[in-house]
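Each remark here refers to the structure printed beneath this line.
The values are calculated or read from the model by the stated rules, or taken from the named source; none is laboratory data. A quick note: this is a predicted structure, and the numbers were derived from the prediction, not measured. Neighbour counts run over all protein chains shown; Cβ positions are idealised from the backbone, glycine included.
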Amino acid sequence: MREREQERERGVQRAVLPFGVAEVGGLSMVPTLLHRDQVLVHWGAEVRVGDVAVLRHPLQQDLLVVKRIVERREGGWWVLGDNRDEEMSDSRTFGAVPPALVLGRVRARYRPILAGRQRSVGAVASWLLSAVRPVLADRSASRRLRAR
């Protein structure tokens with residue numbers, strides 16, 4: 001009980017359920033995740049190199065971001081977006097992310113059908129085939145980073 005009180009004082013809240021949904025904003029994770037995708041997050045799950053994770057932005061901790069775990073460094077995890085041409089709101093800007101700021105692992109993504117889009121049988125069938133998909137770890141991410 002004392003431990004929970006200390007966590008509350010530090011502003012740390014544990015999720016009641018181990019899974020939750022978050023919405024992706026921006027293009028930093030394209031092509032893995034698109035703007036407005038919904039992701040299923042396994043809160044508190046252990047992350048490994050190659051996983052996509054939800055974390056608190058180290059410089060603006062009220063902001064949650066979704067990034068790929070690239071490697072373990074002194075001071076924490078090195079994280080990058082999959083779209084390297086997009087803004088550099090990742091470890092290239094803020095450095096290694098302390099493990100305490102990594103909140104969970106992304107397990108799946110769901111692409112909502114957008115209002116105003118054509119609803120032909122072919123379009124709906126295409127959406128159904130791609131709407132829900134697991135977000136897989138890219139275990140070769142750190143090798144690609146070193147090769148650049």
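When restricted to residues that are loosely packed, with under 15 Cβ neighbours inside 10 Å and closer than 18 Å to V135 by Cβ, the stretch 85-107 contains 1. Restricting to the stretch 45-66, and then to whatever is in contact with a helix residue (DSSP H, G or I) (Cβ under 6 Å, 6 or more places away or on another chain) and in a loop (DSSP other than H, G, I, E, B), can you tell me which residue is nearest to R109 (Cα to Cα)? Looking at residues that are in contact with a helix residue (DSSP H, G or I) (Cβ under 6 Å, 6 or more places away or on another chain) and in a loop (DSSP other than H, G, I, E, B), I get G50. Listed by first and then second residue, the pairs linking a residue in the stretch 60-74 that is surrounded by fewer than 20 Cβ atoms within 10 Å (Cβ to Cβ) to a residue that is small (G, A, S) and at pLDDT 95 or above, with Cβ atoms under 8 Å apart and 6 or more places separating them unless they lie on different chains, are R73/A96; E74/A96. Taking first residues from the stretch 82-101 that are closer than 13 Å to K67 by Cα and part of a helix (DSSP H, G or I) and partners that are of a type in the set (D, E, K, R) and modelled with pLDDT of 90 or more, the Cβ contacts under 7 Å between residues at least 6 apart in sequence or on separate chains come to L101/R56. Within the stretch 18-44, being surrounded by fewer than 18 Cβ atoms within 10 Å (Cβ to Cβ), touching a residue at least 12 places away in the same chain (Cβ under 8 Å) and assigned to a loop (DSSP other than H, G, I, E, B) holds for P18, G26, L27, V30, P31, L34, R36, G44.
Cβ-Cβ contacts under 7 Å between residues 6 or more apart (or on different chains), taken from a first residue in the stretch 110-134 that is at negative phi and of a type in the set (S, T, Y) to a second residue that is modelled with pLDDT of 75 or more and part of a loop (DSSP other than H, G, I, E, B), are listed as Y110/D37; Y110/A131; S130/R111.
Return a yes/no flag: does the stretch 103-113 have any residue that is over 14 Å from the mean Cα position of the chain (by Cα), at pLDDT 90 or above and not in a strand (DSSP E or B). For the stretch 103-113, residues over 14 Å from the mean Cα position of the chain (by Cα), at pLDDT 90 or above and not in a strand (DSSP E or B): absent.
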